[in-house]
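The values are calculated or read from the model by the stated rules, or taken from the named source; none is laboratory data. What you are looking at is a predicted structure, and each value in this text was computed from that prediction instead of being measured. Every residue, glycine among them, receives a Cβ derived from its backbone with ideal geometry; neighbour counts consider all protein chains shown.
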């Protein structure tokens, strides 16, 4: 239902107070001293958080009928003004930005349903007067926190420009990749900047950043029948990227400009179009050259689950004995997102027998990070080798 603004149409609203006649509600505005003051901060301006409360939260046929709070802000410089409104009780608050105290010229608005925070941004000019209204739509009365930040006018608009279609069914084992127009600042916390929930369940997984991409890697079950997973089949998850001062930051220092929302409809575990399995794409030793036991690096084109690498790679003497030889293995990974500089390093833990043929085998049970139990995500060789095939090379000792 469209939310109206007729709470202001029955009379003229002033900065101090208003008493509306007839059947309209009586509304009391905060005193004029409750202005939002912006202070210089890191090339922009920021306001100290404002803590308030609404004692009446209601609506009638699409119109606000409860209490609201009204604040006024004088813009000190040209820029982009970002607001964040949060609360922590069962209610639906809205955030409305207007150019006048009467609310007739709305500049921006945050009208999300439910108890998710509201984030609003808009371009502003020096000496411009902005009016901010915190309005209760439905739910329980209670407190809220309002924050504001003014970014410089030369700020780059930082937005999501690419996201997969997750609205018609998404396998619970497949990573979700969001693309941005500028690089995302690495090292920042992610979980507090994104809402990712379904009725009765909080999505669980790992967020990672690589250049212009933010990737969600779902937590995976220990076995296919395990219901304790990051994304539960049959549920529809709501995803909201917060904007403004509590949103994601770009490497340029800008915060996410607009709130981004969407849905992830989760289907069964099996991924009919799985992410590509990790492949060994290069080896730093020519198999035709004698091997004296120096470390050999296997270069892999995708991130690996470290737990599946440990103690799973071994040497086998192939001169008829098939005797496993002690091996030291290690895994080096610079990223764990979309692309990866991953290297498995294998070296014998003891001297190799001379004049022998040694086979190094990396089994397909070494898994990519996107699929903990799916054999289709098992390591394989280059080109079109089937997933989970593993790789083996034979070397001759001098």
Which one of the conditions (1) at pLDDT 85 or above; (2) within 30 Å of residue 215 (Cβ to Cβ); (3) touching a helix residue (DSSP H, G or I) at 6+ places or on another chain (Cβ under 9 Å) does residue 135 fail to meet, given that it meets all the rest?
(2)
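For region 115-128, name all the residues that are outside any strand (DSSP E or B) and modelled with pLDDT of 85 or more.
Within region 115-128, 125, 126, 127, 128 meet the criteria.
Do you know which residues across region 229-246 are in contact with a helix residue (DSSP H, G or I) (Cβ under 8 Å, 6 or more places away or on another chain) and part of a helix (DSSP H, G or I)?
246
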Tell me, please, whether a residue that is part of a loop (DSSP other than H, G, I, E, B), at pLDDT 80 or above and surrounded by fewer than 14 Cβ atoms within 10 Å (Cβ to Cβ) can be found in region 54-64.
yes
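Out of region 65-78, which residues are within 24 Å of residue 129 (Cα to Cα) and either touching a helix residue (DSSP H, G or I) at 6+ places or on another chain (Cβ under 8 Å) or at pLDDT 85 or above (or both)?
68, 69, 70, 71, 72, 73, 74, 75, 76, 77, 78
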Tally up the residues in region 240-295 that are at pLDDT 80 or above, over 30 Å from residue 153 (Cβ atoms) and either surrounded by 19 or more Cβ atoms within 10 Å (Cβ to Cβ) or under 17 Å from the mean Cα position of the chain (by Cα) (or both), please.
8
Name every residue in region 296-311 that is farther than 21 Å from residue 208 by Cα and exposed (fewer than 13 other Cβ atoms within 10 Å of the Cβ), in order of residue number.
310, 311
Would you confirm whether any residue within region 331-345 is over 33 Å from the mean Cα position of the chain (by Cα), farther than 29 Å from residue 212 by Cα and either at pLDDT below 75 or in a strand (DSSP E or B) (or both)?
no
Considering every residue within region 175-188, establish whether at least one is buried (at least 20 other Cβ atoms within 10 Å of the Cβ) and under 26 Å from residue 48 (Cβ atoms).
no
Please determine whether any residue of region 83-101 is at pLDDT below 80, touching a strand residue (DSSP E or B) at 6+ places or on another chain (Cβ under 6 Å), assigned to a loop (DSSP other than H, G, I, E, B) and closer than 18 Å to residue 54 by Cα.
no
Specify which of the listed residues (148, 101) is surrounded by 15 or more Cβ atoms within 10 Å (Cβ to Cβ), over 27 Å from the mean Cα position of the chain (by Cα) and in contact (Cβ under 8 Å) with a residue 60 or more places away in the chain.
101
Quick check on region 104-114: of everything there that is crowded, with 16+ Cβ neighbours inside 10 Å and outside any loop (DSSP other than H, G, I, E, B), which residue is farthest from the chain's Cα centre (by Cα)?
107
Would you point out which residue out of 385, 370 is modelled with pLDDT under 85 and under 24 Å from residue 209 (Cα atoms)?
370
